[in-house]
């Protein structure tokens, strides 16, 4: 190729300045922000449900004698399952984990 042909080819096809790598980082960053926002919304929903449907001051029901033999422990909260089922009839339980945030 002659020098003037090389110049015309390079002028019509400028080199890529960014390439695919920055685009991947950009898209990955956007996805991370979306996940962080979704996590924040989930935490807020969980906190709202905890405040609305549980009563930590209410005494928990006593386990049956056979439950005590198996080592079953009742959570120190009472859950209002009637209200929960009014919102979503598919509710079947409430998971309680001791010493967790929002519990």
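Tabulated data for the structure shown
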item	result
Close pairs from region 82-103: first at pLDDT below 90, partner loosely packed, with under 10 Cβ neighbours inside 10 Å, Cβ under 8 Å, at least 6 apart	103/97
Within region 40-75, tally of residues that are on the phi > 0 side of the Ramachandran plot and modelled with pLDDT of 85 or more	0
Hits in region 74-103 - residues which are surrounded by 13 or more Cβ atoms within 10 Å (Cβ to Cβ) and in contact with a helix residue (DSSP H, G or I) (Cβ under 9 Å, 6 or more places away or on another chain)	74, 77, 79, 80, 81, 84, 91, 94, 103
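The values are calculated or read from the model by the stated rules, or taken from the named source; none is laboratory data. Note that the structure is predicted; figures quoted are calculated from it, not measured. Using ideal geometry, Cβ is built from the backbone for each residue, glycine included, and neighbour counts are taken over all protein chains shown.
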